[in-house]
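Asks: The structure that follows is given in the form of C-alpha cells.
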C-alpha cells in the first residue's frame, strides 16, 4: 500500500477531529479499505495503525487541526464511513429499536452482527432497545434457548436491553386480530391450502372474502374454540384482506395469513392457546405497542416489511423506518442452530460453548469481548450488498476488533 503511514495518519487526524480529539482505529481501517488496504492485510498493518492512532490521540485538538490542514489533500473523497451512518428521522433520546431472535436455539455470530448495529444506534442516540423472542410457532422451540438468549444478550448488549417473549402476549395479538376484522381488513378463510394457492396464482378472490364483518367475528370465535362447533386444526386461517382484490402484482401480498390453529403443546404455554399468530401479525402488533421508530433487518424480510406496513396502515398507525442488511454468507461455517444441536446430541461437540462452534457462548468463553462485534458491525454499516466471507478472514477481522 503506497504512502501507508501518511494516509493512515491523515485519516486518523480526520477521525479524531470528528470525535472530540479521539480517533477510532476501526474507522481508520474502514477508510483505508478505499485506499487499497485488503482485508487479508489488516493483520499486517494493524500494528502500524494502532501506533499512529495512539500518537494522534495524544495531540491536543488544536495540534490535530493544524496537522490535518497539511495532510487533508491526500484524504480521498471516497473515504470509508467513519462511525455510524446517520439514522433517518432519529431524535435524540427517542430511538426505539429491536432484535428478534427465534427460540429455536442460542445466539451465534450471525445474530451478533445483525443485532449490534441496532444496539449501537440506540446507544448513540438514546432510547430503548428490545430483545423480542419470537416463539409463536410451538413446533420450532428449543426450551433452553430462552435463558441462553437472555444471558447472551445481557453480555452482548451490556445489560441494557428490555426482554419481551411473544408467547406471553397472545391476548395482545388476539386484540389486534379482532381490530383488523372489525375494520374489514381481515377475514377467516376455510379454503384448503392447496385451493387457496390456486387463487393466489390465478389472482382470483377466495370465496371467504365476501363474508361480512359480523360473520368473520363469528368465525374468529370458532377459531378460538369458543363455539361448540369450533374449527379443527387446519380448518381455518385468519387472512389479511389485501385491498379490494387478489390482484396485487406481488404474490406475497395477496391475502397473506395472520393466524392459524395449532394444537401442538407449547413448551412455555402448554395447551393454553389453540390459535397462534403468525409472524406478520405478531411483529406488526408489537412494533405498534412498543412504539418502534426504526427497524434494521435482513433484506430477505423485505416482503414481510411490506406486509407489516399494510397492517399498520389498516389500523391507522405509522410504520417504523426500515433499513435492510445484505446476507453474510460464510463459505466454511455452519450457522444453523438445528444442525449444531444435532451435532452436539451426536457427540461431535461438547456443548454450545464448544470452541469449534460459532456461538456467542463459545466466543465469550474463548475471550472475545462484546465491543469486537460492535466495531465489526459499525465497520459494515447498513448495506444491502451480500457478502461472502471465509471463516479465516472473518476471524482475522474479529480478532483485530477484539484488540482495539
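Each reported figure results from applying straightforward, stated rules to the coordinates on display, with no laboratory input. Small disclaimer: the values here were computed from a predicted structure and weren't measured. Note that each Cβ is placed from the backbone with ideal geometry, even for glycine, and that neighbours are counted across all protein chains shown.
Asks: Measure nothing fancy, just the Cα-based angle from helix 391-403's long axis to the longest principal axis of the chain, in degrees from 0 to 90, nearest 10.
Replies: Helix 391-403 sits at roughly 60 degrees to that axis.
Asks: Can you give the % of DSSP beta bridges in region 266-404 that are antiparallel, to the nearest 5?
Replies: 10 percent
Asks: For Cα pairs less than 8 Å apart in space and 6+ apart in sequence, what is the mean separation divided by the residue count of the chain, i.e. the relative contact order in percent?
Replies: That works out to 17 percent.
Asks: Against the longest alpha carbon principal axis of the chain, how many degrees, from 0 to 90 and to the nearest 10, is the axis of helix 4-18 turned?
Replies: Computed tilt is about 60 degrees.
Asks: I've got another one for you. Using per-residue counts of other Cβ atoms within 10 Å, averaged over each peptide, order 154-163, 110-119 from highest down. Please list the in-between numbers first.
Replies: On the way: 154-163: 15.9, 110-119: 22.6.
Ranked by mean Cβ neighbours within 10 Å, highest first: 110-119, 154-163.
Asks: Considering only 98, 132, 302, give the residue with the highest GNM mean-square fluctuation for the chain, with springs between Cα atoms whenever their separation is below 10 Å.
Replies: 302
Asks: Now, a different point. How do 141-151, 190-200 rank on mean C-beta neighbours within 10 Å, highest first?
Replies: Working: 141-151: 17.2, 190-200: 13.8.
Put in order of decreasing packing, that is 141-151, 190-200.
Asks: Suppose we keep just the DSSP beta bridges with both residues in the chain; what percent of those would be antiparallel, to 5?
Replies: Restricted to the chain, the bridges split so that about 40 percent are antiparallel.
Asks: What is the angle, in °, between the Cα long axis of helix 279-289 and the longest principal axis of the Cα atoms in the chain? Nearest 10 is fine, range 0 to 90.
Replies: Between the helix axis and the principal axis of the chain, the angle is about 70 degrees.
Asks: Can you tell me which of 205-217, 58-70 comes out highest on packing, and rank the rest after it, using the mean Cβ neighbours within 10 Å?
Replies: Numbers: 205-217: 15.2, 58-70: 13.4.
Going from most to least packed, we get 205-217, 58-70.
Asks: Additional query: By counting other Cβ atoms within 10 Å of each Cβ, how are 386, 399 ranked from fewest to most?
Replies: With the sparsest Cβ surroundings first, the list reads 386, 399.
Asks: What percent do you get for the relative contact order of region 263-334 when only Cα pairs under 8 Å and 6+ apart count?
Replies: Relative contact order here is 32 percent.
Asks: Using Cα pairs under 8 angstrom and six or more residues apart, how large is the relative contact order of region 185-275, in percent?
Replies: 30 percent
Asks: Could you tell me the center-to-center distance, by alpha carbons, between region 46-66 and region 293-370 in angstrom?
Replies: A separation of 37 Å, based on Cα centres.
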